[in-house]
Amino acid sequence: MRVMHFRRGGFTLVELLVVIAIIGVMVGLLLPAVQSAREAARRMSCGNNFKQIGLSLHNYHAAYNKLPMNSGGTYANALGADFHNNFNLSILVGILPFVEQQALWEQVSSPFGKNRDNTTKTPPFPAMGPVPWHENYQPWLTQVPGYRCPSDPTTPNSTRVAFTNYAACTGDALFEQQHSGIEDNGNPNGDGTWGDEGASRWARGMFQARHFTSFRNVLDGLSNTMAAGEIVVGNAENEIFSTVVNLANGDDSCNLPPNAWLTTLVDPQRPKFWLATAPVDTNLNHGRGRRWTDGRPQYTTFNSIRPPNSYNIARWEGNFGIYSAASRHQGGAHVLMGDGAVKFITDSIEAGNQSEVSFGCSTALPTRNAGAGKKSPYGLWGALGTKASKESIDTNSI
């Protein structure tokens with residue numbers, strides 16, 4: 001009689017290992033592609049956020065025949081921080097009704113009688129709110145989704161002022177641009193050097209602190225002038241593009257050339273980080289973008305001096321300095337042009353002579369001290385930041 005033998009099917013150990021190895025290789029090849037696709041989607045969403053901000057600026061201008069004031073609001077008074085915003089509100093507050101945030105705008109523009117914990121506040125906060133760093137005022141703690149880039153993972157907790165990744169462009173000069181010659185109480189300062197009249201020479205960008213500007217001021221053309229740019233929210237990890245250095249001699253932020261700190265404060269082994277000895281601002285709340293409400297340079301503005309993803313140098317907290325555009329996207333950052341177009345500017349954009357001191361600062365360069373009407377020393381990047389300097393811009397190179 002013939003005996004039948006049945007062999008059970010299956011993989012040998014060698015075959016199983018080969019299959020596992022092949023799957024591992026495929027996953028290894030696929031994962032970067034998935035991550036790249038996700039970042040591409042986040043980058044597109046970021047660009048769409050910026051388009052909405054651009055549209056809101058145009059709608060604001062159509063309604064009021066001017067752009068929202070950077071560092072505006074209510075004047076400082078003797079009643080205290082609960083009863084004025086120190087004339088420091090950012091443009092992001094003013095455009096709230098135009099970015100589909102009417103409910104939040106109504107809370108801000110009317111007296112608000114609640115504390116952070118929803119208990120009654122008597123007397124209420126005034127219309128336009130308290131100082132922009134106030135952490136008991138609910139509207140300031142409200143995160144506007146359209147003000148955040150999806151690629152930036154840093155998020156605020158519920159007791160902090162909410163964040164922003166989008167900042168106004170103030171041009172290629174920095175001298176006294178934290179207040180542009182206007183005091184916290186709204187009065188023009190009469191000093192001939194840094195008062196209202198003197199500081200206006202250095203306000204070369206589309207937005208000027210504590211002054212209204214309009215499209216008619218943009219003589220270089222809206223398509224050739226940046227209105228806003230991306231920034232990265234500070235996360236206390238000493239990254240040069242999100243953490244701010246307060247110089248021991250604050251005037252050096254103005255009197256030394258923009259590239260002065262490349263070899264003294266930036267870590268040569270990790271060029272995206274400060275050296276451990278750098279005098280970084282250790283207050284986490286003082287990082288870039290950590291107050292969407294605060295119109296002072298450190299929080300919601302940038303200047304076209306250092307190229308994108310470069311460092312941030314301040315005279316001191318809230319004061320003038322070199323503030324760079326930056327993003328978590330690979331290789332550059334978005335900017336919003338005056339005509340509403342969103343462009344991606346690479347880190348390698350031509351940025352002129354980084355050894356030349358900014359306008360209005362050092363007396364070592366008297367030909368530059370005049371400022372107004374001069375060609376930007378910072379090349380194409382500087383030219384994109386100025387509104388009325390008549391530089392020739394090749395739009396194919398941006």
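Looking at the stretch 176-196, can you tell me whether even one residue there is in contact with a Pro (Cβ under 8 Å, 6 or more places away or on another chain) and assigned to a helix (DSSP H, G or I)?
The answer is yes, given that some residue of the stretch 176-196 is in contact with a Pro (Cβ under 8 Å, 6 or more places away or on another chain) and assigned to a helix (DSSP H, G or I).
Which of (1) assigned to a loop (DSSP other than H, G, I, E, B); (2) farther than 28 Å from ASN224 by Cβ; (3) open to solvent by 10 Å² or more (accessible area, probe 1.4 Å) is the odd one out, the single condition LYS66 does not satisfy?
Every condition holds for LYS66 apart from (2).
For the stretch 167-185: of the residues being farther than 18 Å from ILE313 by Cβ and open to solvent by less than 10 Å² (accessible area, probe 1.4 Å), which is nearest to the chain's Cα centre (by Cα)?
For the stretch 167-185, the residue satisfying everything is ALA168.
Look at LYS51 and say whether it is open to solvent by 60 Å² or more (accessible area, probe 1.4 Å) and either closer than 22 Å to MET337 by Cα or without any contact (Cβ under 8 Å) to a residue 12 or more places away in the chain (or both).
yes
With (1) in a helix (DSSP H, G or I); (2) modelled with pLDDT of 95 or more as the list, and MET44 as the residue in question, which single condition is left unmet?
(2)
Run down ARG201, ARG160 and say which single residue is assigned to a helix (DSSP H, G or I) and open to solvent by 20 Å² or more (accessible area, probe 1.4 Å).
ARG201
Suppose we filter the stretch 214-267 for residues that are of a type in the set (Ser, Thr, Tyr), surrounded by fewer than 20 Cβ atoms within 10 Å (Cβ to Cβ) and touching a residue at least 24 places away in the same chain (Cβ under 8 Å); how many remain?
Of the residues in that region, 2 qualify.
List every residue pair whose Cβ atoms sit under 7 Å apart, with the two residues 6 or more apart in sequence or on different chains, where the first one lies in the stretch 329-355 and is modelled with pLDDT under 95 and the second, anywhere, is surrounded by fewer than 20 Cβ atoms within 10 Å (Cβ to Cβ) and of a type in the set (Asp, Glu).
The qualifying pairs are GLY331/ASP347.
Checking the structure you have, find out if any residue of the stretch 110-123 is over 21 Å from the mean Cα position of the chain (by Cα), in a helix (DSSP H, G or I) and surrounded by fewer than 22 Cβ atoms within 10 Å (Cβ to Cβ).
No: zero hits.
The values are calculated or read from the model by the stated rules, or taken from the named source; none is laboratory data. Just so it is clear, the model here is predicted, and its values are computed rather than measured. Note that each Cβ is placed from the backbone with ideal geometry, even for glycine, and that neighbours are counted across all protein chains shown. Heads up: the accessible areas ignore ligands, DNA and RNA and are worked out on the full protein's heavy atoms, side chains in. Shrake-Rupley method; radii C 1.70, N 1.55, O 1.52, S 1.80 Å.
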